[in-house]
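**Student:** Below you will find the structure I want to go over with you.
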Amino acid sequence: MNQHSFKILPIYLQPRILSAVSYLHQSPNQEIITERINKISRQLSDREMTYVLSLVFFDQLLDMVRNSDECKNFASIKRTLQ
């Protein structure tokens, strides 16, 4: 994996994180994804792996947030304040 870092970017946008996300995203099936996760987890810290997996599943995470009671309550409060 690329060892370069850009100090102006947050850790979750560092090249090594994005490279790992791309590597997983290109996996054609679940078995290969699992193999790739195991491979990159030996090269990245637990924190970095959390960012990688969060970015891989970002759309699903957003859906979970949007469907949460907390988000629905926030949206109704926001509409009331406007």
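**Student:** For the stretch 1-70, what does the alpha-carbon gyration tensor say about shape, rounded, prolate or oblate, given a ≥ b ≥ c as the root eigenvalues, a/c under 1.5 as rounded, and a/b over b/c as prolate?
**Tutor:** Oblate, since a/c reaches 1.5 and b/c is not below a/b.
**Student:** Please give me, ordered by residue number, the chymotrypsin sites (Phe, Trp or Tyr not before Pro) of the stretch 1-55 that lie in loop per DSSP and have at most 14 other Cβ atoms within 10 Å.
**Tutor:** Sparse-neighbourhood loop chymotrypsin sites (Phe, Trp or Tyr not before Pro): Phe6.
**Student:** Then there's this: Could you list the trypsin sites (Lys or Arg not before Pro) in the stretch 2-82 that lie in coil according to DSSP, counting only those with at most 15 other Cβ atoms within 10 Å of their Cβ?
**Tutor:** Lys7, Arg42
**Student:** Right, another one. Evaluate the distance, in nm, between pseudo-label points positioned 7 Å from the Cα of Thr50 and of Ser27 along their respective Cα→Cβ axes.
**Tutor:** 2.0 nm
**Student:** Next question, about the same structure. With axes computed from alpha carbons, what is the tilt in degrees of helix 69-81 against the longest principal axis of the chain, rounded to the nearest 10 within 0 to 90?
**Tutor:** Computed tilt is about 50 degrees.
Each value in this text was obtained by applying a stated rule to the coordinates, not by laboratory testing. Predicted, not measured: the structure shown is a model, and the values here were computed from it. Note: ideal-geometry Cβ built from the backbone for every residue, glycine included; neighbour counts use all protein chains shown.
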